[in-house]
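Trainee: Can you keep this structure in mind? I'll have questions shortly.
Read-outs throughout are calculated quantities, based only on the coordinates presented, and are distinct from any laboratory measurement. Keep in mind that what you see is a predicted model, and the values were worked out from it rather than measured. Positions of Cβ are backbone-derived with ideal geometry, glycine not excepted, and every protein chain shown enters the neighbour counts.
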Amino acid sequence: MRSGPRIQAVTFDVGGTLIEPWPSVGHLYAEVAARFGVGAEPERLNRQFAAAWRAKRGFDYSRAAWLDLVQRSFAGISEPLPEGYFAAVYERFAEPAAWRVFADVLPTLEALNQRGIRLAVISNWDERLEPLLEWQGLRGHFEVVVVSCRAGFTKPSPEIFRLAVERLALAPEAVLHIGDSRAEDMHGARAAGLHARLIHRDELPIAGEQLRSLGELVELLD
């Protein structure tokens, strides 16, 4: 990457890259379930959510898609879900307290801003994302925010990456994308002509592909 065109902008995935559910999806599901008189073990919900997430196909981030995912997460625990539960848990995940910003995020965004690197978001999400970014103090760092629910495309479609690049008015090769999904972030970005790196904070890095901290991104671009 150092021998190619200079990177002028960095685009970021959000979930798993900038923020994560806190303390976990299963804990939040169980917390809301308790309001409806349903006892549920957070770790079991985490396991069933993870299995449902891996098995999803054609997920469009609509309320109907999320409802199906939540129902599958509660298989064998509460079937059907209590009336009103889904609406309550959907709103719970819109709250800032349901998410934690990774410790390396703000220092990295500030360092990149200071270096004149333009920043953008490319995220598979719904209408809850932009208010959440505002509440978390992140939105002001990004010149462009492209969300799948408005873009009409979901990663790994190259089109959602091309839309972000078009809004930045840059050539794809001048943009680096950072995300946590090999299929959605790395393959999608590269198919659109962008550079790409994965962020996996709890794994040994793969040279040329993977970062263990966003702080490494500043060193990479310097």
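Trainee: Over region 22-98, what is the mean sequence separation of C-alpha contacts under 8 Å (at least six apart), divided by residue count, expressed as relative contact order in percent? Numbers along the way, then the final one.
Mentor: Details: 68 pairs, mean separation 26.4, N = 77.
For region 22-98, the relative contact order is 34 percent.
Trainee: May I pose another question? Subtracting the Cα-Cα distance from 0.36 nm times the residue separation, let me have the gained length for R6 to D68 in nm, one decimal. Spell out each step's value before the answer.
Mentor: Working: separation 62, 0.36 × 62 = 22.32 nm, distance 4.35 nm.
So the extension gain works out to 18.0 nm.
Trainee: If you scale each eigenvalue of the Cα gyration tensor by 5 and take the root, what three semi-axes come out for the chain, rounded to whole angstrom and sorted largest first?
Mentor: Working: eigenvalues 217, 59, 52 Å².
In descending order, the three semi-axes are 33, 17, 16 Å.
Trainee: Moving on. Compute the relative contact order of the chain as a whole-number percentage, counting only Cα pairs closer than 8 Å that sit 6 or more residues apart in sequence. Please list the in-between numbers first.
Mentor: Numbers: 347 pairs, mean separation 52.2, N = 222.
Value for the chain: 24 percent.
Trainee: Under a Cβ-Cβ cut-off of 14 Å, what is the net charge of the residues other than W22 that fall near it, where Lys and Arg count +1 and Asp and Glu count -1? Mind showing how you got there, number by number?
Mentor: Values: positive: R92, R100; negative: E20, E31, E95.
Summing Lys and Arg as +1 and Asp and Glu as -1 gives -1.
Trainee: Going by average Cβ neighbours within 10 Å, how do the peptides 6-15, 75-84, 32-41 rank, with the highest at the top? Don't skip to the answer; put the middle values down first.
Mentor: On the way: 6-15: 20.8, 75-84: 12.0, 32-41: 14.7.
Descending packing order for the listed peptides: 6-15, 32-41, 75-84.
Trainee: While we're looking at this one, here's another question. Which value, to two decimals, describes the C-alpha radius of gyration of region 106-203 once divided by 2.2 N^0.38 Å? Walk me through the numbers on the way to the answer.
Mentor: Working: Rg = 13.0 Å, N = 98, 2.2 N^0.38 = 12.6 Å.
Dividing the Cα radius of gyration by 2.2 N^0.38 Å gives 1.03.
Trainee: Compare A51, A151, A189 in a GNM of the chain, Cα atoms joined below 10 Å, and give the one with the largest fluctuation.
Mentor: Of A51, A151, A189, the Gaussian network model singles out A51 as fluctuating most.
Trainee: Calculate one ³J(HN,Hα) per residue across region 184-192 by plugging θ = phi - 60° into the Karplus curve 6.51 cos²θ - 1.76 cosθ + 1.60, and present them in order as whole Hz with x for glycine and proline.
Mentor: Residue by residue, region 184-192 yields 7, 8, 5, 5, x, 5, 5, 5, 8 Hz.
Trainee: Compute the distribution of all C-alpha to C-alpha distances in region 22-98, in bins of 5 Å from 0, and list the percent of pairs in each, rounded to whole numbers.
Mentor: Histogramming region 22-98 at 5 Å steps yields 3, 16, 29, 29, 18, 4, 0 percent.
Trainee: Give a residue-ordered list of calculated ³J(HN,Hα) values for region 215-222 (Karplus: 6.51 cos²θ - 1.76 cosθ + 1.60, θ = phi - 60°; whole Hz; x for Gly, Pro).
Mentor: Per residue, the Karplus-derived 3J(HN,Hα) values read x, 5, 5, 4, 5, 4, 7, 6 Hz.
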